[in-house]
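Engineer: First, the structure itself, so that you have it in front of you.
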């Protein structure tokens, strides 16, 4: 009788462990990483919502005021930490101003970013620059051309509506609509398996 009881307890404990392990496994999600500058910060809330709805863990690491040189240095460690299936970058705005000459003379920063993503066996989507204030950011077209020449998947943000009065950033609804358009484009291009489909 005692032996039978022990067997039942052991079996019950084993089942409990297996169920717990199964639940833990089910909770593990593939990651999508969003990085970039202040435009990327604005896209974060809707990005996280969309990623969650499609069965992914959306990790937002965007930092206002940052540029491609900084991200070429930071990205490898972030890739090592989060192991994303997809990297979405919103970068180039802060490379388009008065200091853009330094960026235009060193396009290898883009190549470093692309190389880091490739080595991590992830996919890369670069959100192309929207229309920007021409006096504040006069090199927008040149920077966008360099990005387009070096990155396979570049979302064309030209003509995106919803910008705020500074003609750089967006309103809340503007960011929301922009991110939804980007996500729809990613799905249409089949850049990543969308789990919710």
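Engineer: Which of the residues belonging to the stretch 114-128 are more than 16 Å from residue 30 (Cα to Cα), without any contact (Cβ under 8 Å) to a residue 60 or more places away in the chain and assigned to a strand (DSSP E or B)?
Structural biologist: Going through the stretch 114-128, the residues more than 16 Å from residue 30 (Cα to Cα) turn out to be 114-116, 118-119, 125-128.
Applying the additional criterion that residues be without any contact (Cβ under 8 Å) to a residue 60 or more places away in the chain yields 114-116, 118-119, 126, 128.
Listed by number, the list holds a single entry, 126.
Engineer: Residue 147 fails exactly one of the following numbered conditions: (1) part of a helix (DSSP H, G or I); (2) over 21 Å from the mean Cα position of the chain (by Cα). What is the number of that condition?
Structural biologist: Here residue 147 meets the rest and fails (2).
Engineer: Here is a further query. Take residue 150 and decide whether it is farther than 29 Å from residue 49 by Cα and in contact (Cβ under 8 Å) with a residue 40 or more places away in the chain. Please lay out each step first, then the result.
Structural biologist: Values: farther than 29 Å from residue 49 by Cα: yes; in contact (Cβ under 8 Å) with a residue 40 or more places away in the chain: yes.
Considered against the rule, which asks whether it is farther than 29 Å from residue 49 by Cα and in contact (Cβ under 8 Å) with a residue 40 or more places away in the chain, residue 150 comes out as yes.
Engineer: So residue 131 clears everything in (1) in contact with a strand residue (DSSP E or B) (Cβ under 8 Å, 6 or more places away or on another chain); (2) surrounded by fewer than 16 Cβ atoms within 10 Å (Cβ to Cβ); (3) outside any loop (DSSP other than H, G, I, E, B) except one condition, right? Which one?
Structural biologist: (3)
Engineer: Just to check your reading of the model, which residue among 102, 98 is loosely packed, with under 14 Cβ neighbours inside 10 Å, in contact with a helix residue (DSSP H, G or I) (Cβ under 9 Å, 6 or more places away or on another chain), closer than 25 Å to residue 168 by Cα and at pLDDT below 95?
Structural biologist: On the way: 98 fails: in contact with a helix residue (DSSP H, G or I) (Cβ under 9 Å, 6 or more places away or on another chain).
It is 102.
Engineer: Okay, moving on. When you check residue 164 against the structure, is it closer than 14 Å to residue 128 by Cβ, touching a strand residue (DSSP E or B) at 6+ places or on another chain (Cβ under 8 Å) and either surrounded by fewer than 19 Cβ atoms within 10 Å (Cβ to Cβ) or free of Cβ contacts under 8 Å to residues at least 40 places away in the same chain (or both), yes or no? Break it down into steps so the answer makes sense when it comes.
Structural biologist: Details: closer than 14 Å to residue 128 by Cβ: no; touching a strand residue (DSSP E or B) at 6+ places or on another chain (Cβ under 8 Å): yes; either surrounded by fewer than 19 Cβ atoms within 10 Å (Cβ to Cβ) or free of Cβ contacts under 8 Å to residues at least 40 places away in the same chain (or both): yes.
Against the criterion (closer than 14 Å to residue 128 by Cβ, touching a strand residue (DSSP E or B) at 6+ places or on another chain (Cβ under 8 Å) and either surrounded by fewer than 19 Cβ atoms within 10 Å (Cβ to Cβ) or free of Cβ contacts under 8 Å to residues at least 40 places away in the same chain (or both)), residue 164 does not qualify.
The values are calculated or read from the model by the stated rules, or taken from the named source; none is laboratory data. Model, not experiment: these values are computed from the prediction. Positions of Cβ are backbone-derived with ideal geometry, glycine not excepted, and every protein chain shown enters the neighbour counts.
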